[in-house]
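Data first, discussion second: the structure below is written as structure tokens.
The numbers here are math on the coordinates, done by the rules we state, and not lab data. Source: prediction; values computed, not measured. Note that we place each Cβ from the backbone using ideal geometry, even for glycine, and neighbour counts take in every protein chain shown.
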Amino acid sequence: MGNQVWIGFHSKVLPKSGIKDDEWSYVTLPLSEFEWENANYMDISNVKQFIVQFEATVICTLMPLKIIPFKEDLKSD
């Protein structure tokens with residue numbers, strides 16, 4: 001089994017208005033927020049899977065999924 005890193009859905013990555021059932025929400029998952037220190041010898045250029053796991057009943061539509069440079073500050077207010 002290979003190395004794994006994860007990120008929790010916390011206030012730093014969720015929209016300030018929260019997730020609403022009746023409208024689209026955009027969630028940003030910055031690679032810098034994943035727990036890289038827990039993955040010894042991980043080669044980020046060789047990632048083979050990206051898995052999103054929900055711990056509750058949810059309907060999720062991903063469109064589009066983009067990998068983009070992240071230039072914002074994630075420090076909490």
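Under 20 Å between C-alpha atoms is the cut-off here; go through the chain and count lysine pairs that meet it, provided they're at least eight residues apart or on different chains. Write out the running numbers ahead of the final one.
Details: 12/20; 12/66; 12/71; 12/75; 16/71; 16/75; 48/66.
Lysine pairs meeting the criterion: 7.
Could you tally the net charge around residue 9, taking each other residue with its Cβ under 12 Å from the Cβ of residue 9, Lys/Arg +1 and Asp/Glu -1? Before the final figure, lay out the partial values.
On the way: positive: 12; negative: 33, 55.
With Lys, Arg at +1 and Asp, Glu at -1, the neighbours total -1.
Residue 56 to residue 3: extension gain in nm, 0.36 nm per residue of separation minus the Cα-Cα distance?
Numbers: separation 53, 0.36 × 53 = 19.08 nm, distance 2.52 nm.
Here the segment from residue 56 to residue 3 would lengthen by 16.6 nm.
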